[in-house]
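This is the structure I have questions about; it appears just below.
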Amino acid sequence: MEEKILPIALRNAIKYNGKANPKAVLGIFLSENPEYRSKAKEVMPIVEKVVEEVNKLSLDEIKKKLEELGEDVKKKEKKEKGLELPNVKDKVVMRFAPNPSGPLHIGHARAAVLNDYFVKKYGGKLILRLEDTDPKRVLPEAYDMIKEDLDWLGVKVDEVVIQSDRIELYYEYGRKLIEMGHAYVCDCNPEEFRELRNKGVPCKCRDRAIEDNLELWEKMLNGELENVAVRLKTDIKHKNPSIRDFPIFRVEKTPHPRTGDKYCVYPLMNFSVPVDDHLLGMTHVLRGKDHIVNTEKQAYIYKYFGWEMPEFIHYGILKIEDIVLSTSSMYKGIKEGLYSGWDDVRLGTLRALRRRGIKPEAIYEIMKRIGIKQADVKFSWENLYAINKELIDKDARRFFFVWNPKKLIIEGAEKKVLKLRMHPDRPEFGERELIFDGEVYVVGDELEENKMYRLMELFNIVVEKVDDIALAKYHSDDFKIARKNKAKIIHWIPVKDSVKVKVLMPDGEIKEGFAEKDFAKVEVDDIIQFERFGFVRIDKKDNDGFVCCYAHR
RNA sequence: GCUCCGGUGGUGUAGUCCGGCCAAUCAUGCGGGCCUUUCGAGCCCGCGACCCGGGUUCAAAUCCCGGCCGGAGCACCA
């Protein structure tokens, strides 16, 4: 027994810098030798004895001893389990099903990315299903914006289905439910019905004859009725009152952006969704856990038609702070002129993030990392920015940008021409030129009188006066002097030939200032780093200068 | 109120199903250091978690019971 314990103790000691732990050693031993589990109390003293002997050895002696025993020093590594779906037989059919009320936002990206990821992982088909059965909440231009957003994000859609194209199909299946006696037309006031429902009491409509329900159904479709709905017969005593006889169709006469006033009866999601999920062959359905009860409701549809249910995966709510996500708020703000458009950098739409210089790969990656667990998740902008930085840093040229600029005149210094690398790690990017001629811009609130500063890549100065224009005197060249004097290192640009720049910040602020002259060579859509400021994407370039959108630090 | 889902470093996570390999992984954040001077990137060191109580067990982040906290649904929206 000691012979079996010894190598375990030696390995444990190696892992923990020469000190093995008896409990851990016992655990590993029992895991590998289940027959001793019932004798744990007897084994422990033996383990302790072996561990005590091992802990007397030096780390080198421990390694030597282990090698003498012919044991591999290295510990096996555990494979990391990736994202997986349950019960995948062959391929999968999945769907991303937004309501076309606006372009996609960061919250939508989770469902879009995860569906796409699994379809790519297992093979199969991804269907984009636009759920527009509420005419009041459809924005016509959203149909195309959503497709554009998915393209940009790298989500590959195999088929597009629009629910407003399928209204008559829903009518057909609705009629079948009535014919089977599983649905009925109800003309009760919704509040009246709710009171009855909460008491577990059926309403007066529930037991109407099938023939009468069918007659009323035709009248609904012909527009002859208002204030009626079709209800599914479930269980009027179900312990969850919201599952009792919920509605599956209703009258809505608002003209639809795509179908006009052709229809006045629309299905509700707890009907159209299971019908479509079945007919379109879903194998797996990802949805937020706010829809768990809806899955229970939809189970009745599957049962009544005798359909097999797909695999449902419910994931926790993704909470996203510090940004505007509400489609109705965004729409209202755009209409009122508060926002410039759906890509205003203050908004959480994908096109706003794109405008800021966030890469689709970064969004894809973070949504994979968030995954499908049922715990609620708080979105980490920091993590998104860290992933994005990995993607953009190697290609991002560096420039100086002076926001809130103050002119600084420096006496006692000679003219100087500097050549700096565009990128610290990429010499092939070439160089940029800064010409010192006595006058520079620095960030306005960085200067204090009688203090030494280090102008980056230039020299040390002492500031004498800070007014509308600041005055300084050349002190020395040596960087070590700056360090010795704990001088702050600040960036600067020559006043001459500087370029006007505005940066739009996600919090709405606009930082204005100047960049160095070689900055003028950048093109729209370039992503660059302003040193000591952060990464930005070039948004606009004209006679008035440049407009950039701030990504992150 | 009814019905449900959840809780692992400051943030995001892996691990829980099948108890030991967990002295709990990885990322991010923060502090310090190294590396051509900022911002970064890279490397090194450090800080910081299994919501609480009880039980089962030789052994619990993991299984059981209770509590607390967070979230969701109860729309003729999705």
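Condition first: within 13 Å of the chain's Cα centre (by Cα) and assigned to a loop (DSSP other than H, G, I, E, B). Can you find one or more residues in the stretch A:327-345 that meet it? Talk me through it step by step, then tell me what you get.
Quick first cut of the stretch A:327-345, residues within 13 Å of the chain's Cα centre (by Cα) only: none.
The answer is no, given that none of the residues of the stretch A:327-345 is within 13 Å of the chain's Cα centre (by Cα) and assigned to a loop (DSSP other than H, G, I, E, B).
Which residue, of A:Ala375, A:Ala362, A:Ala386, is free of Cβ contacts under 8 Å to residues at least 24 places away in the same chain, of a type in the set (A, V, I, L, M, F, W, C), outside the structural domain of A:Ala112 (by the TED database) and out of contact with any Cys (no Cβ under 9 Å at 6 or more places or on another chain)? Explain how you work it out, then say what you get.
On the way: A:Ala375 fails: free of Cβ contacts under 8 Å to residues at least 24 places away in the same chain; A:Ala362 fails: free of Cβ contacts under 8 Å to residues at least 24 places away in the same chain.
Selected residue: A:Ala386, the only one of A:Ala375, A:Ala362, A:Ala386 that is free of Cβ contacts under 8 Å to residues at least 24 places away in the same chain, of a type in the set (A, V, I, L, M, F, W, C), outside the structural domain of A:Ala112 (by the TED database) and out of contact with any Cys (no Cβ under 9 Å at 6 or more places or on another chain).
Quick one: count up the residues across the stretch A:197-249 that are surrounded by 12 or more Cβ atoms within 10 Å (Cβ to Cβ), in a loop (DSSP other than H, G, I, E, B), basic (Lys, Arg) and under 38 Å from the mean Cα position of the chain (by Cα).
The total comes to 1.
Kindly provide the set of residues from the stretch A:516-553 that are free of Cβ contacts under 8 Å to residues at least 40 places away in the same chain and within 12 Å of RNA strand B (Cβ to nearest atom), ordered by number.
Hit for the stretch A:516-553 is A:Gly534, nothing else.
Across the stretch A:261-303, what is the total count of residues that are small (Gly, Ala, Ser) and touching a Phe, Trp or Tyr at 6+ places or on another chain (Cβ under 6 Å)? Reasoning before the result, please.
Step one: list which residues in the stretch A:261-303 are small (Gly, Ala, Ser), which gives A:272, A:281, A:288, A:299.
If we keep only those that are touching a Phe, Trp or Tyr at 6+ places or on another chain (Cβ under 6 Å) as well, we get A:272.
Adding up the residues that qualify gives 1.
Given the options A:Leu408, A:Leu353, name the one that is closer than 18 Å to A:Glu321 by Cα and crowded, with 20+ Cβ neighbours inside 10 Å. Spell out the reasoning first.
Values: A:Leu408 fails: closer than 18 Å to A:Glu321 by Cα.
The conditions single out A:Leu353.
Still on this structure: Of all helices (runs of 4 or more DSSP H) completely enclosed by the stretch A:1-59, which ones contain at least 1 residues that are more than 9 Å from RNA strand B (Cβ to nearest atom) and either closer than 14 Å to A:Leu69 by Cβ or not aliphatic (A, V, I, L, M) (or both)?
Filter on the stretch A:1-59 gives A:2-15, A:40-55.
For residues that are small (Gly, Ala, Ser) and part of a loop (DSSP other than H, G, I, E, B), tally how many sit in the stretch A:159-196. Give the derivation first.
Step one: of the stretch A:159-196, the residues small (Gly, Ala, Ser) are A:164, A:174, A:181, A:183.
The next check asks that each one be part of a loop (DSSP other than H, G, I, E, B); those that pass are A:181.
Residues meeting the conditions: 1.
Within the bounds of the stretch A:120-137, is there any residue that is touching a Lys or Arg at 6+ places or on another chain (Cβ under 8 Å) and farther than 15 Å from A:Met94 by Cα? Break it down stepwise before answering.
Taking the stretch A:120-137 first, the residues touching a Lys or Arg at 6+ places or on another chain (Cβ under 8 Å) are A:120, A:122-129, A:132.
Pick out the ones that are also farther than 15 Å from A:Met94 by Cα and you get A:132.
Taking every residue of the stretch A:120-137 in turn, at least one turns out to be touching a Lys or Arg at 6+ places or on another chain (Cβ under 8 Å) and farther than 15 Å from A:Met94 by Cα.
Would you call A:Glu195 of a type outside the set (Gly, Ala, Ser), away from RNA strand B (no atom under 12 Å from the Cβ) and without any contact (Cβ under 8 Å) to a residue 12 or more places away in the chain? Spell out the reasoning first.
Values: of a type outside the set (Gly, Ala, Ser): yes; away from RNA strand B (no atom under 12 Å from the Cβ): no; without any contact (Cβ under 8 Å) to a residue 12 or more places away in the chain: yes.
No: the conditions fail for A:Glu195.
Taking the condition of being touching a His at 6+ places or on another chain (Cβ under 8 Å) and of a type in the set (A, V, I, L, M, F, W, C), how many residues in the stretch A:221-249 meet it?
Of the residues in the stretch A:221-249, 1 are touching a His at 6+ places or on another chain (Cβ under 8 Å) and of a type in the set (A, V, I, L, M, F, W, C).
Also, I was wondering about something else. Among the residues of the stretch A:362-407, write down those that are under 21 Å from A:Val522 (Cβ atoms) and within 6 Å of RNA strand B (Cβ to nearest atom).
Residues satisfying the conditions are A:Lys389, A:Asp393.
To continue, here is another question. Could you list all residues from the stretch A:164-185 that are within 15 Å of RNA strand B (Cβ to nearest atom) and either farther than 22 Å from A:Tyr302 by Cβ or exposed (fewer than 15 other Cβ atoms within 10 Å of the Cβ) (or both)?
If the condition is that a residue be within 15 Å of RNA strand B (Cβ to nearest atom) and either farther than 22 Å from A:Tyr302 by Cβ or exposed (fewer than 15 other Cβ atoms within 10 Å of the Cβ) (or both), then A:Ser164, A:Asp165, A:Val185 are the ones that fit.
Going through the stretch A:490-501 one residue at a time, which ones are over 12 Å from A:Ala515 (Cβ atoms) and in contact with a helix residue (DSSP H, G or I) (Cβ under 7 Å, 6 or more places away or on another chain)?
Across the stretch A:490-501, the qualifying residue is only A:Ile490.
Right, another one. So which of A:Lys125, A:Lys91 is surrounded by fewer than 21 Cβ atoms within 10 Å (Cβ to Cβ), modelled with pLDDT under 95 and either away from RNA strand B (no atom under 11 Å from the Cβ) or within 21 Å of A:Pro274 (Cβ to Cβ) (or both)? If you could, list the steps in order and put the result at the bottom.
Numbers: A:Lys125 fails: modelled with pLDDT under 95.
Result of the check over A:Lys125, A:Lys91: A:Lys91.
Hey, can you tell me all the residues within the stretch A:435-460 that are part of a strand (DSSP E or B), more than 39 Å from the chain's Cα centre (by Cα) and within 13 Å of RNA strand B (Cβ to nearest atom)?
A:Tyr453, A:Arg454, A:Leu455, A:Asn460
Now a separate question. Checking the condition farther than 26 Å from A:Arg397 by Cα and touching a strand residue (DSSP E or B) at 6+ places or on another chain (Cβ under 7 Å), which residue from A:Ile481, A:Ile489, A:Ile435 passes?
Values: A:Ile489 fails: farther than 26 Å from A:Arg397 by Cα; A:Ile435 fails: farther than 26 Å from A:Arg397 by Cα.
None of the other options fit; the residue is A:Ile481.
Related question: Find all pairs meeting these conditions: Cβ atoms under 6 angstrom apart; at least six residues apart or on different chains; first residue within the stretch A:228-253 and touching a residue at least 40 places away in the same chain (Cβ under 8 Å); second residue more than 8 Å from RNA strand B (Cβ to nearest atom) and of a type in the set (Gly, Ala, Ser).
These pairs meet every condition: A:Val230/A:Ala183; A:Leu232/A:Ala183; A:Phe249/A:Gly174.
Here's a follow-up. Every residue in the stretch A:262-282 that is hydroxyl-bearing (Ser, Thr, Tyr) and either buried (at least 22 other Cβ atoms within 10 Å of the Cβ) or in a strand (DSSP E or B) (or both), please.
So the first thing to find is which residues in the stretch A:262-282 are hydroxyl-bearing (Ser, Thr, Tyr), and the list is A:263, A:266, A:272.
Result: A:Tyr266, A:Ser272.
Taking the condition assigned to a helix (DSSP H, G or I), of a type outside the set (Phe, Trp, Tyr) and at pLDDT 95 or above, does A:Asp151 pass? Give the steps one after another, and end with the answer.
On the way: assigned to a helix (DSSP H, G or I): yes; of a type outside the set (Phe, Trp, Tyr): yes; at pLDDT 95 or above: yes.
Yes: the conditions hold for A:Asp151.
While we're on this one: What are the pairs with Cβ atoms under 7 angstrom where one residue, in the stretch A:298-314, is more than 26 Å from A:Leu83 (Cβ to Cβ) and the other, located anywhere, is among the hydroxyl-bearing types (Ser, Thr, Tyr)? Sequence gap at least six, or different chains.
That search, which allows pairs on different chains as well, returns A:Tyr300/A:Thr234.
Right, next: List, please: which pairs have Cβ atoms under 9 Å, are six or more places apart or on different chains, and start with a residue in the stretch A:425-452 that is surrounded by 18 or more Cβ atoms within 10 Å (Cβ to Cβ) and end with one that is assigned to a helix (DSSP H, G or I) and charged (D, E, K, R)?
Filtered contacts from the stretch A:425-452: A:Arg432/A:Lys517; A:Arg432/A:Asp518; A:Arg432/A:Lys521; A:Leu434/A:Lys517; A:Leu434/A:Asp518.
The values are calculated or read from the model by the stated rules, or taken from the named source; none is laboratory data. Please read all numbers here as calculations on a predicted model, not as lab measurements. Every residue, glycine among them, receives a Cβ derived from its backbone with ideal geometry; neighbour counts consider all protein chains shown.
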